[in-house]
Amino acid sequence: MPSFKLDDKDIAFEPGDTIIRAAHRAGVDVPHYCWHPGLSVAANCRMCLVELMPPPGRPAMMLDVLAWDDLHQTYVPQKKPKLQPACQQAAAEGMVVKSQTSEHAVRARSAVQELLLLNHPVDCPICDQAGECRLQDYWLEHQASKKRMHDEPVHKPKGVVFGPTIVYDAERCIMCTRCVRVSAELAKDPVLSMRERGNLNEITVAPGRQLDHDYTLMTEYVCPVGALTSSDFRFKARVWFLRSARSTCVGCATGCSSFTDFDPRNQKVYRYRPRENAAVNKYWMCDEGMLDYQRIHHNRVLEARIKGEGVSDLAALEKAAELVKQASPQKTAILLSAEHSNEDNTALLDLGKALGALQVYYTGRPQGQGDDILMSADKNPNTAGVLALSGGRAKPFADLVAALKEGKVGALIALGSAIGNPNDAAALKEVRNFVALSTHDGAIADHAAVVLPASSWAEADGTFVNRTGLRQESDRAINPQGASRPAFRWVQELAKLLSLTLPWKKVSELRALSQGTETAAATPSVAPGAE
Amino acid sequence: MEPLDQDLDASELELPTEPMLLNVGPAHPAMHGTVRIVMELSGEIIERCDVQVGYLHRGFEKMCERGTWSQVFPYVDRCNYVSPMLNNVGFALACEKMLGITVPDRCQWYRMILGELARMSDHLTCDGAMAMELGAFTPFLWMIKGREMIWEIMEEETGARLTHSFGRVGGMAAPPTDGFKEHVRAVVKHILGIVDEVERLLLGNRIFLDRLENVGVISAEDAISLGWTGPCLRATGVPYDVRKAHPYLKYGEVDFDVPVGSTSDSFDRFMVRLAEMRQSARIIEQSLERMADKGPVNVDDPRVILPPKEEVYNTIEGTIQHFKIVMEGLKLPAGEVYSYTEGGNGELGFYLVSDGSGTPHRVRIRPPCFLITAGLERVITGQMMADVVPSFGSLNMIGGECDR
Amino acid sequence: MSKALIELVKKNFPDAVLESHSQLGDDTVVLAPGRWKEVCRFLKDNQQSDMSMLTDLTGVDYPDRDPRFEVVAHLYSLSRGHRLRVKARVGDREGETVEIDTLTELWASANWMERECFDMLGVKFLGHPDLRRILTYPEFEGHPLRKDYPAEKIQPLVQYRDEPNIDKVAPFGVDEGMSFGRQTHKVGIYTDADGDGGARRKIISPADN
């Protein structure tokens, strides 16, 4: 591997890499604002300037500058080396780069930082970026000096509504154009651009348009300062109170890797952030996925119900067991859910096997809009997983509707909350002995005789298989809400009451089982709702 | 009916005896702070005893791991709560050792003066309480009056009489007030007068001397093995004082003596403390002369010192500096350090482990009186019940420091 | 300060010293846990080191490391004025089998300090004459200074009263406490409305009338 030296450390690079990219890969940070590994290079912030030692035999490129001589109280001519932006300079074998060890680079960084803060408003107490703001971090690391300007800072519009999801504050903006590049390159919708010049610079939306493509929250995500804020998350939580769990987005079958940010003190989830995953979503997530966290706290089933009335857990379990016993195994049907993790679905399949129920169906949320960037039309995170777990035996919901009409179903144990086609909801009214393990109110929970409250994806560890067959794990963020428990725990309790033995006792055993039975399935043939 | 004057060495007539278990419980006027001593007495003599501490355990070391480095100051204040400034200074020095910064000279003198005042307050309390427990109420009140005067100085300087939380990493929370030097000189003079009067009153008193001399004796080897430091160790004849052996701040530049005892009994411990007060007064006088009247008290390092409020409200740099230090905590580089100073009871050590972030990974407070209380068993075993009170008093166990 | 002590230990116990450093002037050696007592005894008895005092013995929990705990002792020589920090790493990730030899035979200060280390971190000192809890009460469960012990957890010996609005309830219940001094009701009458001779005293409140 070719390599170059950065501050006396050898950094390997691939041909075509810039210095900053190679350093980023090696885990060494060169301070930067406008560079982003997933976007094109703009080189306008000048924070990543580094000193390149000249190749052997060539003199360094020196610039004439005037330096202030304190002793003589006058400017004296001096020479300083020309610094290069690390984000743009291609790495070459044998290059010697000085970043922290070069006094010129250190001074340059301090100067850049000072100039960026020159007109910056004193907004930290009300700015959402506080705690994850690059200006704050770099001030402490690179500048650490007081303000030298005593004039009134330049004032610009604040609180400009760019679109339904994003609010812009021009005073805080450092004009790095990351948002412009995200809109143009990721969302393929170049709706943002810069206007004016010099210190009147602002980001603006194209006239007659709003910032309304499907990746607007990515502009907020890449913004290193608090200029772009999400109207959804604004003023809701301070980031230093939030903890992050490594999760997988359950908004669609793409299964982007995400961080679930929650406040452990009140056990609430406040937002998602994308997590870097080169195989699935690189650095990005779509708006629908980013806002999907709201479902964790909306419309939840948080207490056990019998015929819509809240009851104790034990009463519901006993009634559920009673209902299941009433039907013969041939007439017992299992409904799996593509919304739920492998662990939940395996548990239900095992229960079905133990009962001798032969009818296995699956369903999930209805189809939605997909695109060729990240979003999948299949809005279920685990369709491939469910089909693989059932060995392809699980039949689509339409078959369940048909079986119900023919009177073949005496009892139905269902996992999940939504069904693929809302028109089929009427068919569920006729199911007798209907037990549901649901997270949300919906067609399933509304028609079930007994509803056991299941925990959502953020309240238990889970494994999801995305549309390309990639198995991903999602970690638990908050504790189970209300009286809810992970669906596999309900299955365990139900099995005990029915005097059935399941092939697993501990969660680790269940996880091992739910990994083993599946094959790496390709795109499933029938997604729920597409029947 | 058997006559009672038969010889009683026959075992059938011997009455069964067992030692009496006396519980000198945690709530007891003579137990400084809360300590429980379960004693087995044979008559008046203590055969065995079990000293149980922990009634004031507040979990400081665990709590320190939840905040930032500056948030440790209120906790260490409440360790040795009769000389809190010494704890503050000790912890600030530990953090500064880790950061590699030295505070300006004016701050060093300031810390020394406040620290010695705190030491005087500690010794006044200890000796006063000892005298009171032996029945001499008057010297107690005189010494408390002296302590009040010190607390008034503290209130003037820091805003609080006892738990000031005045130390900061890189300096102090505020510079000395304008009348500081005169105030301190007047108070010290008064306290020296009190010390003289107390000596005159107590040292000629037969009862006082009888109750303290040759009571609660411990050998120097035992004391060293037990890890004793401070006045209790010096009373055994070992002249170890951290200020002389490993000078910190400006202790190497001032003249003072280290009083050392010879018989290592409770009386020596009482007298060592009394003499130390005079030496503290000497240190204070010299420091007052050498302390500049103008100049910065805090080190000029934006990583650790909070900016003045006008800057915080008006400039973005001030806001960011304030934000970083308060919300994320000042960051000590990853590593570990053991820093020690002479606290009121001996070598007060801080073993800090940092993981590079603003939250401490481990703050270990090495409490001098924890080990001194461990030696209590050895001191009182074999003594009479009534000797427990002055012996224990002379050890100056501060519950807050022992249990944390 | 000077590395002489580290060199001394390394020279006499070359295979017992796993690491050493002198960060910030504090000489430190990391020992193999099996040689803990031997090296400490040497440091105490040897003329060059003459460590007469064990000033501090404590432990630190590093939950990401294996071995997880570090037992740290600070030794001091009164005669020579030098210090040494000796450490040993013990214990597995779950916090089981955290054991090391006791130093009570060498220095009496180890007695209580090891008890505290046991209490707070669960380190068992083999051969300690009286290893029981010191700062917490004997019925306490768990080891509070371990990183996996939640800081908010409380284990009261006497359970709190099961009162839903405990902040709003006076220290005494309505029929507890002395009748004088309680100015809570305008009419402080005790009535025998239940006919049980005042066994349950009922206070009439103006609202009852």
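Quick notes on this one:
- Check on C:Gly25, without any contact (Cβ under 8 Å) to a residue 12 or more places away in the chain, small (Gly, Ala, Ser) and either within 11 Å of chain B (Cβ to nearest Cβ) or at negative phi (or both): no
- Answer from B:Thr68, B:Thr102 - the residue that is more than 14 Å from chain C (Cβ to nearest Cβ), of a type outside the set (Phe, Trp, Tyr) and part of a loop (DSSP other than H, G, I, E, B): B:Thr68
- Condition met for B:Asp268 (free of Cβ contacts under 8 Å to residues at least 40 places away in the same chain and over 27 Å from B:Cys107 (Cα atoms)): yes
- Qualifying residue in the stretch A:93-106 (condition: in a helix (DSSP H, G or I) and either among the β-branched types (Val, Ile, Thr) or exposed (fewer than 14 other Cβ atoms within 10 Å of the Cβ) (or both)): yes
- Among the residues of the stretch A:107-141, those that are surrounded by 19 or more Cβ atoms within 10 Å (Cβ to Cβ) and more than 13 Å from every other protein chain (Cβ to nearest Cβ) comprise A:Ala108, A:Arg109, A:Val112, A:Asp128.
- Being out of contact with any strand residue (DSSP E or B) (no Cβ under 7 Å at 6 or more places or on another chain), at positive phi and crowded, with 23+ Cβ neighbours inside 10 Å is a description that applies to B:Gly346.
- Meets criteria (among the basic types (Lys, Arg) and within 22 Å of B:Pro390 (Cβ to Cβ)) for B:Arg185: no
- Looking across the stretch A:418-455, just one residue is touching a residue at least 40 places away in the same chain (Cβ under 8 Å) and touching a His at 6+ places or on another chain (Cβ under 7 Å), and that is A:Phe434.
- Test result for A:Asp461, out of contact with any helix residue (DSSP H, G or I) (no Cβ under 8 Å at 6 or more places or on another chain) and among the acidic types (Asp, Glu): no
- For the stretch A:146-160, residues that are surrounded by 13 or more Cβ atoms within 10 Å (Cβ to Cβ) and within 11 Å of chain B (Cβ to nearest Cβ) total 3.
- The one condition in (1) at the interface with chain C (Cβ under 10 Å from one of its Cβ atoms); (2) surrounded by 24 or more Cβ atoms within 10 Å (Cβ to Cβ) that B:Ile320 fails to fulfil: (1)
- Scanning the stretch A:384-402 for residues that are in contact with a Phe, Trp or Tyr (Cβ under 8 Å, 6 or more places away or on another chain) and not charged (D, E, K, R) turns up A:Gly385, A:Val386, A:Leu387, A:Ser390, A:Ala394, A:Pro396, A:Phe397, A:Leu400.
- Flag for A:Met285 being part of a helix (DSSP H, G or I), within 11 Å of the chain's Cα centre (by Cα), buried (at least 17 other Cβ atoms within 10 Å of the Cβ) and not aromatic (Phe, Trp, Tyr): no
- Considering the stretch A:33-87, the residues that are of a type in the set (Asp, Glu) and in contact with a strand residue (DSSP E or B) (Cβ under 8 Å, 6 or more places away or on another chain) include one that is nearest to A:Thr18 (Cα to Cα), namely A:Glu51.
- Enumeration of residues in the stretch A:43-82 that are surrounded by 11 or more Cβ atoms within 10 Å (Cβ to Cβ) and of a type in the set (Ser, Thr, Tyr): A:Tyr75
- The stretch C:41-73: number of residues that are within 23 Å of B:Pro368 (Cβ to Cβ), out of contact with any Phe, Trp or Tyr (no Cβ under 6 Å at 6 or more places or on another chain) and crowded, with 23+ Cβ neighbours inside 10 Å: 8
- The residues of the stretch B:235-265 that are part of a helix (DSSP H, G or I) and within 12 Å of chain C (Cβ to nearest Cβ), listed by number, are B:Val242, B:Lys244, B:Ala245.
Yes/no per residue for (1) under 28 Å from the mean Cα position of the chain (by Cα); (2) within 10 Å of another protein chain (Cβ to nearest Cβ); (3) within 30 Å of B:Gly100 (Cα to Cα); (4) hydrophobic (A, V, I, L, M, F, W, C):
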site	(1), (2), (3), (4)
C:Ala4	no, no, yes, yes
C:Gln47	no, no, no, no
C:Thr55	yes, yes, yes, no
C:Tyr62	yes, yes, yes, no
C:Phe69	yes, no, yes, yes
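- Selected residue [more than 14 Å from every other protein chain (Cβ to nearest Cβ), over 18 Å from the mean Cα position of the chain (by Cα) and either surrounded by fewer than 15 Cβ atoms within 10 Å (Cβ to Cβ) or not in a loop (DSSP other than H, G, I, E, B) (or both)] from B:Arg211, B:Arg273, B:Arg278, B:Arg269: B:Arg211
- Among the conditions (1) at the interface with chain C (Cβ under 10 Å from one of its Cβ atoms); (2) part of a strand (DSSP E or B), B:Arg378 misses just one, which is (2).
- Among the residues listed as B:Gly167, B:Gly227, the single one being closer than 30 Å to C:Ser77 by Cβ, crowded, with 16+ Cβ neighbours inside 10 Å, of a type outside the set (Asp, Glu) and in contact with a strand residue (DSSP E or B) (Cβ under 6 Å, 6 or more places away or on another chain): B:Gly227
- Residue-level analysis places A:Asp378 among those that are acidic (Asp, Glu) and either assigned to a loop (DSSP other than H, G, I, E, B) or more than 20 Å from A:Leu323 (Cα to Cα) (or both).
- Selection from the stretch C:74-94 of residues that are modelled with pLDDT of 90 or more and over 18 Å from B:Ala245 (Cα atoms): C:Arg85, C:Val86, C:Lys87, C:Ala88, C:Arg89, C:Val90
- Every residue from the stretch B:136-175 that is in contact (Cβ under 8 Å) with a residue 24 or more places away in the chain and of a type in the set (A, V, I, L, M): B:Ala136, B:Met143, B:Met149, B:Ile150, B:Ile153, B:Met154, B:Leu162, B:Val169, B:Met172, B:Ala174
The values are calculated or read from the model by the stated rules, or taken from the named source; none is laboratory data. Keep in mind the model is a prediction, meaning the values are calculated, not measured. Cβ: placed from backbone, ideal geometry, glycine included. Neighbour counts: every protein chain shown.
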